[in-house]
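Worksheet: one structure, shown below.
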Amino acid sequence: MKVTAFIRQKQVAKNNTTDKSTIFFRIRDGKLDIKVASELSINANHWSDDRQGYKLRVNTVSDAVKRELDRKVREITDLINDKYHKGVDGKWLKHLIQLYHHPNMIYSEDGIDTRLTNQITEYYNHRKVANCTIYTSHTIIKKIKHFELYMQNVKRRKGYVMYAEAITEEDLYLFKEYLLDEYIIFQDHPEIFEDLKEWQKPRAEMSENGAYDILHRLRTVMKWVDFNGIPTTKPFSRFELKAPTYGTPWYLTLEERDRIWNLDLSAEKNQLKFHRDIFIFQCCVGCRMGDIGRFTKDNIVNGALEYIPHKTAESSGRLVRVPLNQKAREILDRYSWRKTTLLPYFEDWEYNDDIKKLCTMADVTRIVSVLDPKTRTEVKRPLNEIASSHMARRTFIGNMYKKVKDPDLIGSMSGHVEGSKAFARYRTIDDDMKRELVDMIN
């Protein structure tokens, strides 16, 4: 495949410096030969077929003007080379060149906006999903927009936009690399992220699992786009989309959990007290963080918490019922005055930060082996450094499993479907269980 830039008018009178010729772009690949006009133009006497830009010695035009046009010709040529795939036609090439000149243009054919960010919105608008899933989709859209700004302003690929019908395998690899390096890009180019609130800005490294989770979601959207009449290049058919890799799901022992519960927080701010109560409540009922903020008094039925987990609401709609133990009931009594949600409102990032602080205050610093999020190798870390809201869920499941080794029974209270492969990630066969088994054949 070869891309060339050319003009049709080869020359004008020597003293004519005002007439301009349109610059065309041509693709030749076997029998394919298509040509489309761009919005660039040049005096025919100044054009060099060999250089595909200004001749070396043109004294009547400033160097800045010459460099600018030559740069745009190179950028359009590079854009065509990047986006080209088998089966393209003149309409595709015209559309691509228009996008270069007008990067914010909405694709107008049939009134469809084929920007990937718009198609993600369309996908979730057509599906019945939980609010937290909508929130996740908004986060992904922002990451794509920042990636586009990064490609346009840092990588100097003017006009770079992820359009559903033009995304290639290379685009996916570039996006994956961006996700893994986003926190470094933020440090070097904070201007790209000016639209984000302070707490939304990427200050921590994303794991490969996190990047692949986003890409798995994009693959689902792209399949939907293709099925609904916007033909894509099917980039995921050539992209290596790895399954998530998980390390041992460490959790708190009941003694460690109770050390946090019994902390004297009288001198601390109310937020830390709220977060301690929410964390212990989560340890007692095993719910996901995304469900906590939705619980109201209507979710308490005959001394038990009843709810449909947001994550499985669409796929199974299974009701989860967890009897409340003494600690859970005591926590709810503390907030019985609340008229809306059962527990105080919290920001995810502040909640997770305070969980680490609570573990540190309670001396929950046991060293464990965890999987490094980027290298996927084993490293040793203290529990207080890796603690998060999801550790509360694992604490519920892991300690229950030590008492009653019935995954289906525990899964009925954690929201996992029977036989769920994911359930195995939330429990570990520890030494106590192994000793029990060995004693059976003593």
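Structure summary
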| quantity | calculated |
| --- | --- |
| Members of the range 204-244 found to be polar (S, T, N, Q) and open to solvent by less than 70 Å² (accessible area, probe 1.4 Å), listed by number | Ser207, Asn209, Thr220, Thr232, Thr233 |
| Residue selected from the range 123-162 under the condition assigned to a helix (DSSP H, G or I), open to solvent by 60 Å² or more (accessible area, probe 1.4 Å) and charged (D, E, K, R), by the criterion nearest to Asp78 (Cα to Cα) | Lys145 |
| Test: residue in the range 79-91 that is touching a residue at least 60 places away in the same chain (Cβ under 8 Å) and either farther than 20 Å from Phe24 by Cα or among the aromatic types (Phe, Trp, Tyr) (or both) | yes |
| Failed criterion for Lys273 (all others in (1) basic (Lys, Arg); (2) farther than 26 Å from Thr117 by Cβ; (3) touching an Asp or Glu at 6+ places or on another chain (Cβ under 8 Å); (4) surrounded by fewer than 19 Cβ atoms within 10 Å (Cβ to Cβ) hold) | (3) |
| Subset of the range 155-191 [farther than 21 Å from Thr139 by Cβ and touching a His at 6+ places or on another chain (Cβ under 9 Å)] | Gly159, Glu165, Ala166, Thr168 |
| Some residue of the range 245-257 being open to solvent by less than 20 Å² (accessible area, probe 1.4 Å), of a type in the set (Val, Ile, Thr) and either over 23 Å from the mean Cα position of the chain (by Cα) or at pLDDT 90 or above (or both) | no |
| The range 47-60, residues that are of a type outside the set (S, T, N, Q), outside any strand (DSSP E or B) and at pLDDT 90 or above | Asp49, Asp50, Arg51, Lys55 |
| Close pairs from the range 53-73: first under 19 Å from Gln152 (Cβ atoms), partner open to solvent by 30 Å² or more (accessible area, probe 1.4 Å), Cβ under 6 Å, at least 6 apart | Val73/Gln52 |
| Number of positions in the range 314-349 that are modelled with pLDDT of 90 or more and in a helix (DSSP H, G or I) | 9 |
| Number of the condition not met by Leu305 [criteria: (1) within 21 Å of Gly415 (Cα to Cα); (2) among the aliphatic types (A, V, I, L, M); (3) in a helix (DSSP H, G or I)] | (3) |
| Single residue of Arg67, Arg57, Arg28 found to be more than 28 Å from Trp92 (Cβ to Cβ), under 39 Å from the mean Cα position of the chain (by Cα) and not small (Gly, Ala, Ser) | Arg67 |
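Quick grid of which residues meet (1) exposed (fewer than 13 other Cβ atoms within 10 Å of the Cβ); (2) under 27 Å from Leu96 (Cβ atoms); (3) among the aliphatic types (A, V, I, L, M):
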| position | (1), (2), (3) |
| --- | --- |
| Phe6 | no, yes, no |
| Lys14 | yes, no, no |
| Thr17 | no, no, no |
| Ser38 | no, yes, no |
| Ile42 | no, yes, yes |
| His46 | no, yes, no |
| Arg51 | yes, yes, no |
| Arg57 | yes, no, no |
| Val61 | no, no, yes |
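The values are calculated or read from the model by the stated rules, or taken from the named source; none is laboratory data. Computed from a predicted model, the values in this text were never measured in an experiment. Cβ atoms come from the backbone with ideal geometry, glycine included; neighbour counts cover every protein chain shown. Surface areas here come from the heavy atoms of the whole protein model, side chains and all, with no ligands, DNA or RNA. Shrake-Rupley method; radii C 1.70, N 1.55, O 1.52, S 1.80 Å.
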